[in-house]
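**Student:** Just dropping this structure here.
The values are calculated or read from the model by the stated rules, or taken from the named source; none is laboratory data. Small disclaimer: the values here were computed from a predicted structure and weren't measured. In this analysis, Cβ positions are derived from the backbone assuming ideal geometry, glycine residues included, and neighbour counts consider all displayed protein chains. Side chains are part of the model used for accessible areas, which takes the heavy atoms of the whole protein and leaves out ligands, DNA and RNA. Shrake-Rupley method; radii C 1.70, N 1.55, O 1.52, S 1.80 Å.
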Amino acid sequence: MRPARAHVLVAVDEEARLSGVERVLAALRAALAELGLAEEVQVVETGTLGISGRGVVLAIYPDGVFYGGVRPEDVREIAEVHLLKGRPVERLRLPIAAPVARPGEILGRQTRVVLRRVGVIDPENIEEYIAQGGYEALAKILFQMKPEEVIEEVRRAGLRGRGGAGFPTGLKWAAVRSAPGSEKYVICNADEGEPGTFKDRLILEGDPHRILEAMTIAGYAVGARLGIVYVRGEYTLSIRRLARAIEQARAYGLLGENILESGFSFDIEVRPGAGAYVCGEETALLESLEGKRGWPRIRPPYPVTYGLWGKPTVVNNVETLANVPDILIRGAAWYRTLGTPTCPGTKVYTVLGHVRFPGLVEVEMGTPLRTLIYELGGGLRDGRALKAVLIGGAAGAFLTPEDLDVPLDFDSLAGRAAVLGSGAVLVMDETTCIVDMLGSILRFFQHESCGQCVPCRAGTDLLVRLWEGVQCGKAGADTLARMTEIVEAMRLSSLCPLGQSLALPVRSALENFREEFLAHAQGEPCERCRSQGGAT
Amino acid sequence: MTVEKTAILQGFPRSPDVLLALLHALQRANPQNYLTPEDLRLAAEYLGLPLSRVHDAVTFYTMFSLRPRGRHILRVCGSPTCHLGGAGSVLAELERKLGIKAGETTPDGLFTLEVTSCLGVCGVAPVMMVDEEVVGNLTPKRVREILRRLREEG
């Protein structure tokens, strides 16, 4: 078979599925067959192309043309006008500034390590992963490196946990390796529940083998024989693709007994969650994996010594693990050329809200917010002005336009009393009411508080009630002070990060938008809150 | 115990860590989308756990219900991203059209309305799940269309 003249990459992710991608694919294949192009044009189903909110998105290579909002009835035109006659269909074409990137032809300022193969390969085909350098890192470490050397390389690379806290991954692995006991576990935390975040889902959907390879490497490094991916129950496509990838890896001898005849054995299971935000907290996740309610454990002891079934356990986020194979192939020194001295590497963000091009982007650590919003996100919609950015999800902080040039990494943001968290960047324009947005966050926490410790259970409830008084103008400056006191008490005394982190959104909102809160509290609410106050 | 339930139980190893997966399976098999007292007892006996331990887990997770639910379950995402996109008006329209509040089931047993946390498809906010399917870019008008379609299907 001769190589194809053109490739059509069709993003098949959860969002595309709900836009009817299956029907578009069927129509595309039919149109190509009808025009006699089936041999020379190859259709590849891949993960996200990094574009969100544009329905079915596809890319045509080598031309590098992206189409969005493609419906089955548009396909014939694309096939005939573009693929046969070579002229792009302008009415469906996405503007070049859309946050998309391909290896070697980076658009905007993206640096793709973790997302290198997402939107490039067919995630359901292990051979495409292998053809693009997949499982090379695993083969290399199994035959050329001792477990201690693997850990040392990850430590020297300076990789830090991408789940939010930024803990050094090498130290975590070393602690599990040196913990006493022969039974150890590697857990991939894919219980992605932070509102506005879906990077882990897109990594799992777009490049599932990368995670399996990384978990196997972690298993070799720490001395574990079993890995478990704890994935949100709602992520049906991720679950299906992971299960398929595991099956394929086992068939190729890359998972299971005696991997590549190296003498090392490791297997991976997938466990769906059952709907609880708090299970993203690692000790709650462990409880849930044991079949119990997801109540966070009192720490110490930490999971590195007392994890699943009380055994030493590595718990790493999806994005953290996704960095591992490239570090081992290209080395710690290469990794340190990316990002900042204290936070090497890249970070994946979901840029959402009132931007022109919402979507998934990967940039070097330390890239300022301005680049994310104005270059990769295309700026604000309808020519409106920026009012605030909620960074890090619901447990994140409200930043203002003055913060646009702060480098985004774990350390610089900590100086602004904000967190990088899960990489959610929610952009709000001048029409947004911050009082209303904070209300949505408070209700979310009230609902998701697990109820185990008093400060969080009572605090989240009190905050919602105080907020209601603010919104409908039955409060004063003392109410705002009371809210600040409560979140401070929760920060100091809650059992887990859920209750501790509510101080971030509440304090940043009250401090940065104090006038707005005072106006509401003293009886001059915005239009939106007035109408809602009347309804309740 | 029905033959069907025996078959479900025997699809799992007798190990306490499979509890959530086993409960998911039992709930899926019930056309009214909930776990009966018998289900909890069966799960406890099969896995060798105290009944209280099973009850403890069931009441914690939002995906499980101990009350009969409608044939269709509508889960509206209430997270900040969807809120910014107008989830409030979507929920209000659903409550008005169905005549129930979030957490309730319509008297004809057709719909249960729930609010869920982030579904991770924020690019098309506001979003809801209609049974197993995710529907995005919702407006009050689209909500009315969806309800009409589901009513016609019955």
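Yes/no matrix, rows are residues, columns are (1) within 20 Å of the chain's Cα centre (by Cα); (2) in a loop (DSSP other than H, G, I, E, B):
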| position | (1), (2) |
| --- | --- |
| A:LEU212 | yes, no |
| A:THR216 | no, no |
| A:ALA221 | no, no |
| A:TYR230 | yes, no |
| A:LEU237 | yes, no |
| A:GLU269 | no, no |
| A:ALA274 | yes, yes |
| A:ALA284 | yes, no |
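**Student:** Right, another one. Select, from B:VAL134, B:VAL76, the only residue that is in a strand (DSSP E or B), surrounded by 20 or more Cβ atoms within 10 Å (Cβ to Cβ) and more than 9 Å from chain A (Cβ to nearest Cβ).
**Tutor:** B:VAL76
**Student:** Of all residues in the range A:372-400, which are open to solvent by 10 Å² or more (accessible area, probe 1.4 Å), outside any loop (DSSP other than H, G, I, E, B) and out of contact with any helix residue (DSSP H, G or I) (no Cβ under 8 Å at 6 or more places or on another chain)?
**Tutor:** A:TYR374, A:GLU375, A:ARG381, A:ASP382, A:GLY383
**Student:** Name the residue that is least open to solvent (accessible area, probe 1.4 Å), counting only residues in the range B:41-63 that are within 11 Å of another protein chain (Cβ to nearest Cβ) and in a loop (DSSP other than H, G, I, E, B).
**Tutor:** B:TYR61
**Student:** If you don't mind, another one. Hey, could you check the range A:33-79 for residues that are among the small types (Gly, Ala, Ser), in contact (Cβ under 8 Å) with a residue 12 or more places away in the chain and in a loop (DSSP other than H, G, I, E, B) and say which is nearest to the other protein chains (Cβ to nearest Cβ)?
**Tutor:** A:SER52
**Student:** Surrounded by 21 or more Cβ atoms within 10 Å (Cβ to Cβ), more than 10 Å from chain B (Cβ to nearest Cβ) and in a helix (DSSP H, G or I), is that true of A:VAL470?
**Tutor:** Here the answer is yes, as A:VAL470 does meet what is asked.
**Student:** Can you tell me which residues in the range B:9-31 are of a type in the set (A, V, I, L, M, F, W, C), open to solvent by 30 Å² or more (accessible area, probe 1.4 Å) and in contact (Cβ under 8 Å) with a residue 12 or more places away in the chain?
**Tutor:** Of everything in the range B:9-31, those that are of a type in the set (A, V, I, L, M, F, W, C), open to solvent by 30 Å² or more (accessible area, probe 1.4 Å) and in contact (Cβ under 8 Å) with a residue 12 or more places away in the chain turn out to be B:PHE12, B:ALA29.
**Student:** Could you tell me which of the residues A:SER501, A:SER531 is surrounded by 18 or more Cβ atoms within 10 Å (Cβ to Cβ), among the small types (Gly, Ala, Ser) and modelled with pLDDT under 95?
**Tutor:** A:SER501
**Student:** Cβ contacts < 6 Å: first residue more than 7 Å from chain B (Cβ to nearest Cβ) and closer than 26 Å to A:PRO407 by Cα, restricted to the range A:418-447; second residue of a type in the set (S, T, N, Q) and crowded, with 23+ Cβ neighbours inside 10 Å, any location; separation 6+ or different chain. Result?
**Tutor:** If the second residue must be of a type in the set (S, T, N, Q) and crowded, with 23+ Cβ neighbours inside 10 Å, the pairs left are A:SER422/A:THR197; A:ALA424/A:THR197; A:ALA424/A:THR350.
**Student:** When residues of the range B:85-130 are filtered for being in contact with a Leu (Cβ under 9 Å, 6 or more places away or on another chain), part of a loop (DSSP other than H, G, I, E, B) and modelled with pLDDT of 85 or more, how many remain?
**Tutor:** 12
**Student:** Sticking with this structure for a sec: Would you tally the residues in the range A:21-39 being farther than 15 Å from A:VAL81 by Cα and in contact with a helix residue (DSSP H, G or I) (Cβ under 7 Å, 6 or more places away or on another chain)?
**Tutor:** 4
**Student:** Filtering the range B:83-126 down to residues that are basic (Lys, Arg) and within 13 Å of another protein chain (Cβ to nearest Cβ), which residue is most open to solvent (accessible area, probe 1.4 Å)?
**Tutor:** B:ARG96
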